[in-house]
Amino acid sequence: MKLFETRTAPNPRRVRIFLAEKGLLDEVEIIQLDLQKGENLTPEFVTRNPMKKVPVLELDNGACIAETVAICRYFEEVYPDSAPLMGRTPLEKAQIDQWLRWIDFYFMTPTGMAFQHTTGYFKDRMKPFPEWGEECKIQASKFMHFLDKQLAEREFICGDQFSAADINAMCTIDFNRVISQRIQPEQTHLQAWYDRVSQRPSAKA
């Protein structure tokens, strides 16, 4: 199997941590793409993912899976007993899926839009709107406050064990650094959780 990714991008990191937690990181060949040089825009890569995004998993039979959660879901289904990260019961699975969508829609998306529209990183292929980027930064900050409340009496974001929701939230918090945004001093529950999860060996994957 081959995993096409970019080391510094947050979504590929989510997959790497997921694989590391399940003990599967050595099962895939990791191929790096330079997004700024447009290596994700080549005809060869577009055949793997017409959305032109990373990560993309290519199976041994040539089939390709794009999107972070879809890739993680594949490995969770193929290796269900190896450190389940997407729920063990129907209720847990539904709740984790709920959190994955919340984190993607209300945290990762505004963080990514703030990055794209305030830094001009992709100005060669899109028109940045700095004011929109600043608004997105505010929305991402609000979600940090939401997470802080959620973690007031919890060790993990969803359920009683570390899950894909924790991975996605941690990677998004780290990505907020590119827009000069950090956990605030008053967000003590969020900071305590972050300290715990970021010390896991998989966080260095």
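Below, the figures for the structure above:
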| read-out | value |
| --- | --- |
| Probe 1.4 Å, protein heavy atoms only - accessible area per residue of the chain in square angstrom | 52 Å² |
| Phi-based couplings in Hz for region 117-133 (Karplus 6.51, -1.76, 1.60; Gly and Pro marked x) | 8, 9, 9, x, 4, 10, 5, 6, 10, 7, 9, x, 10, x, 5, 5, x |
| Pair Gln139, Gln161: separation of 7 Å Cα→Cβ label points (nm) | 3.4 nm |
| Label-zone membership for region 128-162, site Arg196, 7 angstrom Cα→C-beta point, backbone N under 12 Å | 151-162 |
| Magnitude of the charge dipole, region 90-204, Cβ model with Lys/Arg +1 and Asp/Glu -1, debye to 20 | 360 debye |
| The chain - mean residue ellipticity at 222 nm from DSSP helices (-39,500 (n - 2.57) per run, n ≥ 4, rounded to 500) | -14500 deg cm²/dmol |
| Under Karplus coefficients 6.51, -1.76 and 1.60, residue-wise ³J(HN,Hα) of region 148-155 in Hz, glycine/proline x | 4, 5, 4, 8, 4, 10, 10, 7 |
| Restraint check, Lys93/Lys142; Lys2/Lys37; Lys142/Lys204; Lys22/Lys123; Lys127/Lys149, Cα-Cα greater than 30 Å | Lys22/Lys123; Lys127/Lys149 |
| Inverse mean reciprocal Cα-Cα distance (Kirkwood Rh) of region 2-78, Å | 12.4 Å |
| Of the chymotrypsin sites (Phe, Trp or Tyr not before Pro) in region 56-141, those whose Cβ has at most 15 other Cβ within 10 Å and which sit in DSSP loop | Tyr121, Phe122 |
| Cβ-based charge dipole, the chain, positive-most Cα from Pro84, Ala70, Met126 | Met126 |
| Region 2-78 - percent of accessible surface contributed by carbon and sulfur, probe 1.4 Å | 50 percent |
| Cα gyration tensor shape for the chain, rounded if a/c is under 1.5, else prolate or oblate | oblate |
| Debye, to nearest 20: dipole size of the chain, +1 on Lys, Arg Cβ, -1 on Asp, Glu Cβ | 500 debye |
| Carbon plus sulfur fraction of accessible area for region 101-160, probe 1.4 Å, in percent | 55 percent |
| Simple label model, 7 Å out from Cα along Cβ direction - Arg154 to Lys93, nm | 2.0 nm |
| Loop-located GluC sites (Glu not before Pro) in region 144-193, at most 13 other Cβ atoms within 10 Å (DSSP) | Glu153, Glu186 |
| Fully extended contour minus Cα-Cα distance, from Asp174 to Asp34, at 0.36 nm per residue | 48.4 nm |
| Restricting region 98-205 to trypsin sites (Lys or Arg not before Pro) in coil, as DSSP defines it, with at most 16 other Cβ within 10 Å | Lys123, Arg125, Arg154, Arg182 |
| Percentage relative contact order, the chain, counting C-alpha pairs under 8 Å, at least six apart | 21 percent |
| List Met126, Met86, ordered by accessible area with a 1.4 Å probe, largest first | Met126, Met86 |
| With eigenvalues of the C-alpha gyration tensor scaled by 5 and rooted, region 90-204, Å | 26, 15, 13 |
| Computed label-point distance, nm, for sites Asp60 and Phe105 using a 7 Å Cα→Cβ extension | 3.8 nm |
| Dipole in debye (nearest 20) - region 142-205, about Cα centre, beta carbon charges: Lys, Arg +1; Asp, Glu -1 | 220 debye |
| Net length gained if the chain between Ser82 and Glu131 were fully extended (0.36 nm per residue, minus Cα distance) | 13.2 nm |
| Efficiency of FRET from Cβ geometry, Tyr121 and Arg182, R₀ 25 Å, rounded to 0.05 | 0.80 |
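The values are calculated or read from the model by the stated rules, or taken from the named source; none is laboratory data. Given the structure is predicted, the values throughout are model-derived calculations rather than measurements. Virtual Cβ from ideal backbone geometry, glycine too; neighbours counted across all protein chains shown. All accessible areas refer to the heavy atoms of the entire protein, side chains included, with ligands and DNA or RNA removed. Shrake-Rupley method; radii C 1.70, N 1.55, O 1.52, S 1.80 Å.
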